[in-house]
Amino acid sequence: MFRLFIVFKQYIIRVIRVILFLISEIMSTKKYILSAAIIEKKLRRMALEVAERNYNEAALTLIGIKDSGTVIAKKISGYLKDTFKGDIQVVELGIDKKHPGAVTIKPATDFNDKTIILVDDVANSGRTMLYALKPLLDQHPKKIQTMALVERTHKTFPVDVDYVGISVSTTPDEHIYVEEANGEITGAWIEED
């Protein structure tokens with residue numbers, strides 16, 4: 001009887017360890033809202049929207065906000081080549097997203113009389129896009145449109161996103177992150193502070 005009790009006790013300890021392991025895995029797992037496959041579909045759809053809304057334009061300038069925004073702009077540019085007959089230029093815009101101020105644009109580009117699409121991975125508060133627009137407005141573009149793979153509904157700055165992959169209602173304490181690896185967008189998840 002005593003031996004049976006010891007075997008049962010060891011079994012219970014193993015079960016508890018497995019349960020604790022599973023709980024720790026669940027707690028550390030990211031809450032994904034987009035997979036790589038879904039992201040591809042969203043980007044293709046957004047590229048078609050861009051082509052439809054700008055069919056009469058001779059050229060488009062896609063400005064990707066570094067890093068993931070640039071990856072998205074390059075992907076959109078690739079998809080546009082199938083449907084958009086004009087020239088497509090991709091430009092990279094560097095900005096500190098936490099403390100926006102100085103903006104760098106590579107390569108240096110003349111935006112006068114150009115159709116511009118400003119691309120970011122996530123439109124969280126709207127602050128990054130607002131600051132990114134500032135140097136564009138120093139010139140005289142024909143029109144400026146905005147694009148984000150993920151749009152949060154809790155904006156604190158007045159930026160309207162023209163092309164949206166997915167719009168997500170979040171609490172003010174939640175933030176959305178986009179994963180990028182080797183020039184591909186691999187996922188997007190929500191994390192609470």
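Which of the residues that make up the stretch 74-122 are within 26 Å of ALA181 (Cβ to Cβ), of a type outside the set (Lys, Arg) and in contact (Cβ under 8 Å) with a residue 60 or more places away in the chain?
Correct list: ILE76, ILE117, ASP121, VAL122.
Consider the stretch 42-81. How many of its residues are of a type in the set (Asp, Glu) and under 13 Å from the mean Cα position of the chain (by Cα)?
Number satisfying all stated conditions: 1.
Sort out for me the strands (runs of 3 or more DSSP E) sitting completely within the stretch 144-193 that have 3 or more residues that are closer than 26 Å to PHE111 by Cα. Let's see the steps before the verdict.
Numbers: elements: 163-168, 174-181, 184-192.
Here the list reads 163-168.
Would you check if ASP96 is touching a His at 6+ places or on another chain (Cβ under 9 Å) and open to solvent by 70 Å² or more (accessible area, probe 1.4 Å)?
Answer is no for this residue.
Failed condition for ASN182, given (1) closer than 26 Å to ALA36 by Cβ; (2) in contact with a Ser or Thr (Cβ under 8 Å, 6 or more places away or on another chain), with all others met?
The number of the failed condition is (2).
Within the stretch 82-91, can one find any residue that is crowded, with 22+ Cβ neighbours inside 10 Å and touching a helix residue (DSSP H, G or I) at 6+ places or on another chain (Cβ under 6 Å)?
Looking for residues that are crowded, with 22+ Cβ neighbours inside 10 Å and touching a helix residue (DSSP H, G or I) at 6+ places or on another chain (Cβ under 6 Å), one finds none in the stretch 82-91, hence no.
Looking at LYS9, is it at pLDDT below 80 and either surrounded by 10 or more Cβ atoms within 10 Å (Cβ to Cβ) or among the charged types (D, E, K, R) (or both)?
Spelling it out, LYS9 is indeed at pLDDT below 80 and either surrounded by 10 or more Cβ atoms within 10 Å (Cβ to Cβ) or among the charged types (D, E, K, R) (or both).
Which residues, taken from the stretch 79-133, are in a loop (DSSP other than H, G, I, E, B) and hydroxyl-bearing (Ser, Thr, Tyr)?
THR83, THR109, SER125 - these are the residues of the stretch 79-133 that are in a loop (DSSP other than H, G, I, E, B) and hydroxyl-bearing (Ser, Thr, Tyr).
Select from the stretch 94-151 the residues that are acidic (Asp, Glu) and in contact with a strand residue (DSSP E or B) (Cβ under 7 Å, 6 or more places away or on another chain) and list them in ascending order.
Those that are acidic (Asp, Glu) and in contact with a strand residue (DSSP E or B) (Cβ under 7 Å, 6 or more places away or on another chain): ASP120, ASP121, GLU151.
Only one of ASP193, ASP138 is open to solvent by 30 Å² or more (accessible area, probe 1.4 Å), free of Cβ contacts under 8 Å to residues at least 12 places away in the same chain and of a type outside the set (Gly, Ala, Ser). Can you tell me which?
Exactly one residue qualifies, and that residue is ASP138.
Suppose we filter TYR163, TYR131 for residues that are of a type in the set (Ser, Thr, Tyr) and either at pLDDT below 85 or open to solvent by 30 Å² or more (accessible area, probe 1.4 Å) (or both); which single one remains?
Selected residue: TYR131, the only one of TYR163, TYR131 that is of a type in the set (Ser, Thr, Tyr) and either at pLDDT below 85 or open to solvent by 30 Å² or more (accessible area, probe 1.4 Å) (or both).
Listed here are the residues, each with its yes/no results for (1) crowded, with 20+ Cβ neighbours inside 10 Å; (2) within 30 Å of VAL103 (Cβ to Cβ); (3) at pLDDT below 95; (4) polar (S, T, N, Q).
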| site | (1), (2), (3), (4) |
| --- | --- |
| PHE21 | no, no, yes, no |
| LEU48 | no, yes, no, no |
| LEU60 | yes, yes, no, no |
| LYS66 | no, yes, yes, no |
| LYS74 | no, yes, no, no |
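The values are calculated or read from the model by the stated rules, or taken from the named source; none is laboratory data. Keep in mind that this is a model prediction, so the values were computed, not measured. Cβ: placed from backbone, ideal geometry, glycine included. Neighbour counts: every protein chain shown. Side chains included, ligands, DNA and RNA excluded: accessible areas come from the protein's heavy atoms. Shrake-Rupley method; radii C 1.70, N 1.55, O 1.52, S 1.80 Å.
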